[in-house]
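Report on the structure given below.
The numbers here are math on the coordinates, done by the rules we state, and not lab data. Note that this is a predicted model, so its numbers are computed, not measured. Backbone-built Cβ (ideal geometry, glycine too); neighbour counts: all protein chains shown.
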Amino acid sequence: YIFFAFGFIFSDIAALFAYYFEFEIFYFFDRFFFLGAMAMLVQYGLNYESVKEEFYQYEMIDKNL
């Protein structure tokens with residue numbers, strides 16, 4: 001999930017260059033990184049298989065204690 005965090009960071013940096021330094025092409029990079037990061041965040045949030053696996057591993061550890 002670190003990739004979506006980097007996506008938001010790169011989106012903010014691209015927006016900074018686009019707005020303050022007037023590099024118009026960086027508006028496209030801003031939208032690209034933002035949409036990519038949002039897609040990864042939604043995919044991470046909707047990944048029920050990892051939640052089931054984590055719960056299973058927790059139950060296995062809890063039984064051994």
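List of remarks:
- Only helices enter this figure: runs of n ≥ 4 DSSP H residues, each worth -39500 (n - 2.57), summed and divided by the residues of the chain, yield -29500 deg cm²/dmol at 222 nm to the nearest 500.
- Here the chain is assigned +1 on the Cβ of each Lys and Arg and -1 on the Cβ of each Asp and Glu. Its dipole about the Cα centre then comes out at about 60 debye.
- Positive contributions from Lys and Arg (+1) and negative ones from Asp and Glu (-1), summed over other residues with Cβ under 15 Å from the Cβ of PHE23, come out at -3.
- Whole-number percent relative contact order across the range 2-64, with pairs defined as alpha carbons under 8 Å at least 6 apart: 34
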